[in-house]
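Read the figures in this text as sums done on the coordinates, not as results from a lab. As the structure is a prediction and not an experimental result, all values here were calculated from the model.
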Amino acid sequence: MVSEIEVTVRAICAEYEVEIVPGNVFPMPGQTRAIATMCQILAKHGEGHFRLVMTTLSETRGNNALIDQASLWAVSDLIRACPEWVDQRTSEWLEWWDRIPLGPIMATINQLRGFSHQRHALAGAIYYRLCTFSDERLAAQDTASTIKNKVPEVGQARRRANAERAIELGKQLIAIRDELPHGHWLPWVEKSGLSYGTVQRYMKMARAA
């Protein structure tokens, strides 16, 4: 007789389009034979937790082909160990899993079979990757914050540079005016392309500098 837990597991798997196949069948992408593990996780940690496990594995890039006992338990352990990532940064959590080369990691961990617990070794290897992604995010935030803080400084520097150019131009205008014969200054200004008000402002800044 099928238990209520197994009925729930099968229903949730159907929602995620994950087919449960017999234990003697090699699973293809979108299939799993780890029904017993799924039932254990659901019974131990509840439906919400189990759904997070299934979301992580079935809805991230290439990982729906890797739903087995070790990966299910590893994801379950990591969800419990990293609630701040899962609960507060869910979209990033899934994006990170898109980037994790789960297949190669599992193949490497499999070489330790008989020497190291597959579940724990896999969880540790994935956790290292997740920490790297989290550090990258924090570094990007720090860079963005630094740039944001630098914006006022850049604006101030630009204003200082503009003022310095205006003062220098004002000095040149004063020198030109002093060299021109009487009555030639205003015609010169009109031909210069500068407004008389701008010329006066630059000259005033030069005198005050």
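Overview of values
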{"quantity": "Interchain or long-range residues, amide H under 5 Å from Glu19's placed H", "calculated": "Gln31, Thr32"}
{"quantity": "All-pairs alpha carbon distance profile, the stretch 154-208, 10 Å steps from 0, percent", "calculated": "25, 49, 20, 6, 0"}
{"quantity": "Pairwise centroid distance, computed over Cα atoms, of the stretch 163-209 with the stretch 44-73, Å", "calculated": "75"}
{"quantity": "³J(HN,Hα) computed for each position of the stretch 18-28 - Karplus, 6.51 cos²θ - 1.76 cosθ + 1.60, integer Hz, glycine/proline x", "calculated": "10, 8, 8, 10, x, x, 8, 10, 6, x, 8"}
{"quantity": "Alpha-carbon spread of the stretch 4-142, three principal axes, descending order, Å", "calculated": "49, 33, 25"}
{"quantity": "Taking the chain and dividing mean pair separation by its residue count, relative contact order in percent (alpha carbons under 8 Å, at least six apart)", "calculated": "13"}
{"quantity": "Using alpha-carbon coordinates, inclination of helix 47-58 to the longest axis of the chain, degrees", "calculated": "70"}
{"quantity": "Between helix 35-45 and the chain: long-axis angle, C-alpha atoms, 0 to 90°, nearest 10", "calculated": "60"}
{"quantity": "Karplus (6.51, -1.76, 1.60) ³J(HN,Hα), θ = phi - 60°, over the stretch 82-88, in Hz, Gly and Pro reported as x", "calculated": "10, x, 5, 6, 6, 7, 9"}
{"quantity": "Folded to 0 to 90 degrees: helix 69-81 orientation relative to the chain principal axis, Cα", "calculated": "50"}
{"quantity": "Per-residue HN-Hα couplings for the stretch 118-135 [Karplus 6.51, -1.76, 1.60; θ = phi - 60°; Hz; x = Gly/Pro]", "calculated": "4, 4, 6, 5, 5, 4, x, 5, 5, 4, 4, 5, 4, 5, 4, 5, 5, 5"}
